[in-house]
Amino acid sequence: MESNTGNPELIMSEFADDPDMCDLVREYVGMMPRRMEQMTDAFEHNRREQLIRLAHQLKGSGGGYGFPILTDKAGKLEHFLHDMTGDDLAEADAEFRALLDVCSKLAA
């Protein structure tokens, strides 16, 4: 499967060349802008539990679609949010931005 070849910034799925997975991966990547929008909305409105749930979903699905780095970054955000002592999500800004960065670079 060819997709955005030659761009070193993109994170390709481990299943990019798997004909049985290519359509599923493409659909997953296509849904990522909406997921990023949902996470950004939760972050900006200080909805901690919603952001935990969204990060948990990405942590669980990332590896299954060939993006172990997504699982890693989402897991780090989820863990940080669970361990936060305060209520201000700004404390999690670095982890949140790192996850959004990965999400924005996923490619099928």
Determine the pairs where a residue that is aromatic (Phe, Trp, Tyr), located within region 36-52, has a partner that is assigned to a helix (DSSP H, G or I) with Cβ atoms under 6 Å apart, the partner being 6 or more residues away or on another chain. 43/51; 43/89; 43/96
Would you mind listing the helices (runs of 4 or more DSSP H) fully within region 9-108 where at least 3 residues are in contact with an Asp or Glu (Cβ under 7 Å, 6 or more places away or on another chain)? 48-62, 68-83
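Looking only at residues that are aliphatic (A, V, I, L, M) and surrounded by fewer than 16 Cβ atoms within 10 Å (Cβ to Cβ) in region 70-97, which one is nearest to residue 17 (Cα to Cα)? Steps first, answer last, please.
Going residue by residue through region 70-97, those that are aliphatic (A, V, I, L, M) are 70, 74, 77, 81, 84, 89-90, 92, 94.
The next check asks that each one be surrounded by fewer than 16 Cβ atoms within 10 Å (Cβ to Cβ); those that pass are 84, 90, 94.
Values: 84: 40, 90: 39, 94: 33 Å.
Ranking the candidates gives 94 first.
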Residue count, region 12-24 (criterion: over 18 Å from residue 100 (Cα atoms) and in contact with a helix residue (DSSP H, G or I) (Cβ under 6 Å, 6 or more places away or on another chain)): 1
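Quick note: the coordinates plus some simple rules give every number you see, no bench work behind them. In this text, all values refer to a predicted model and were calculated from it rather than measured experimentally. With ideal geometry, Cβ positions are generated from the backbone for all residues, glycine too; neighbour counts draw on all protein chains shown.
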